[in-house]
Amino acid sequence: MDPEQAARKKPFEAVVQEQGATVLRVCRAVLGVHDADDAWSDTFLAALQAYPDLPPEANVQAWLVTIAHHKCIDHLRAGSRRALPVDSPPERPSRLGIPGDGHAELLDAVMSLSPKQRQAVAYHYLAGLPYKDVAVLLGGTPDAARRAGADGVKSLRNALADLPALAHSLSKGELR
Amino acid sequence: MTPEASTDQSEVTSLLGPLDDGLEPALASLHARLALDAQLIHTLDIAYRIVDSPVGKLLLAATDRGIIRVAFELEHHGDVLQLLANTVSPRILQAPARLDNAARQLEEYFAGTRREFDLTLDFRLSRGFRLNVLQHLPRIAYGRTESYAEVALAAGSPNAVRAVGTACATNPLPVIVPCHRVVKSDGSFGGYLGGSDAKRALLTLEAAA
């Protein structure tokens with residue numbers, strides 16, 4: 001590789017444009033919509049600082065997901081020390097009788113998974129990391145990461161199958 | 001990937017679709033917040049914005065020292081940003097605030113109400129004789145022109161006429177540093193990095209005001 005090529009690293013703006021949505025989806029899946037914005041901001045600010053030192057041939061998405069993983073853990077820890085926000089009381093049962101578009105129910109279902117399941121589902125399915133890389137982030141074996149991902153998906157299916165409004169549209173056979 | 005695995009993938013992404021609710025507006029405000037935060041902790045090495053002008057969209061880029069680059073569409077803004085990433089720093093964000101003043105002065109210039117720019121410039125992309133030439137150019141008065149030979153003389157190297165042409169053709173700060181005011185001795189426009197139409201437009205604007 002000639003030096004010209006070696007020096008080639010995209011302007012950070014391109015990284016934000018290309019990866020911003022994926023990282024936000026990952027943060028939302030791991031933390032919920034409420035805290036995801038802060039985790040996204042922390043992630044990209046840290047990434048911007050470290051960007052000049054990133055090897056040009058590095059996998060930028062995997063690098064960002066790794067940073068996001070750590071920032072999300074910070075928020076999970078901070079969140080467990082914090083009182084629940086008053087604007088989102090646990091009122092899931094009352095929603096069952098009022099079938100909406102299912103979005104609130106999905107978000108509730110995601111948050112009902114264990115943190116490890118949420119992380120496995122987010123990193124594997126939303127960020128496209130292979131389970132061996134997910135395992136590096138979560139600790140443990142690739143098989144354990146795969147199980148967490150599979151259990152997470154199963155719980156999501158089950159939680160959503162209980163909702164009459166969603167049951168038919170999310171039944172496996174009818175998905176595109 | 002096995003067929004089963006890919007079914008799983010598409011099912012899960014569609015299950016998680018609601019996570020995309022309001023994603024675009026959220027990203028827009030997060031981007032703005034990132035630009036502000038980065039500026040505050042001094043990690044934004046280059047801020048840029050794109051402004052409309054009578055000579056097409058202009059890219060304006062600034063470091064913490066000043067305006068480092070003005071680029072015409074003809075130069076391909078993506079290529080210009082990549083070159084800045086390679087030569088100055090890849091910590092580049094679209095962050096309009098740092099360029100508010102430059103954008104306003106350019107607007108006034110194109111409206112014919114400004115004859116001189118009062119901006120701090122970062123000349124680090126230019127060295128040696130080219131830098132001498134660029135530093136002479138603002139002394140060519142608004143609405144006037146000089147020939148390449150006259151500029152060579154003023155920059156201290158009367159024989160370097162061709163090098164003056166190169167300095168103008170590689171001016172990183174066109175419009176603000178007025179290389180458009182340098183024309184051929186026979187009175188024809190000569191080349192311009194924004195295209196000869198842009199050069200004609202700028203000289204016509206200045207002649208009219």
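Values as computed for the structure displayed
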| read-out | value |
| --- | --- |
| P(r), alpha carbons of the stretch A:8-89 - 10 Å bins starting at zero, rounded % | 17, 49, 23, 9, 2 |
| Longest to shortest principal axis, alpha-carbon extents of the protein assembly as shown, angstrom | 83, 46, 42 |
| Zone residues, the stretch B:64-79, relative to B:ALA169, backbone N less than 14 Å from point 7 Å out along Cα-to-Cβ | none |
| Likely footprinting exposure, A:LYS132, A:LYS9, fewest C-beta neighbours within 10 Å first | A:LYS132, A:LYS9 |
| Shielding by partners - mean other protein chain Cβ count within 10 Å, residues of A:27-37 | 2 |
| Charge dipole of the stretch B:79-159 about the Cα centre (unit charges at C-beta), most positive-ward option of B:VAL133, B:THR87, B:PHE110 | B:THR87 |
| Which of A:LEU76, B:LEU36, A:LEU138, A:LEU126 has the fewest Cβ neighbours within 10 Å, and the rest in rising order | B:LEU36, A:LEU76, A:LEU138, A:LEU126 |
| For the stretch B:128-208, radius of gyration divided by Kirkwood radius, i.e. Rg to Rh on alpha-carbons | 0.92 |
| Per-peptide average of other Cβ atoms within 10 Å, ordering B:24-34, B:76-86 highest first | B:76-86, B:24-34 |
| Protection-proxy order for peptides B:159-169, A:39-49, each taking the mean of Cβ atoms within 10 Å per residue, highest first | A:39-49, B:159-169 |
| Helix B:23-40 vs. chain B, principal-axis angle (Cα, 0 to 90°, nearest 10) | 50 degrees |
| Candidates B:GLY191, B:GLY66, B:GLY128: whichever shows maximal mean-square fluctuation once chain B is modelled as a Gaussian network with Cα springs under 10 Å | B:GLY128 |
| Computed E for B:SER185/A:GLN49 - FRET, C-beta separation, R0 45 angstrom, nearest 0.05 | 0.30 |
| Span from the the stretch B:95-124 Cα centroid across to the the stretch B:11-26 one, whole angstrom | 41 Å |
| B:ILE67 long-range amide H proximity, modeled H, under 5 Å | B:THR120, B:LEU121, B:ASP122 |
| Helix B:196-208 vs. chain B, principal-axis angle (Cα, 0 to 90°, nearest 10) | 60 degrees |
| Structure-based [θ]222 nm, chain B - -39500 (n - 2.57) summed over DSSP H runs of at least 4, per residue, nearest 500 | -13500 deg cm²/dmol |
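We did not get these values from a lab; they are worked out from the coordinates using the rules stated. Keep in mind that what you see is a predicted model, and the values were worked out from it rather than measured. Because the Cβ atoms are built from the backbone with ideal geometry, glycine has one as well, and the counts that use them run over all protein chains shown.
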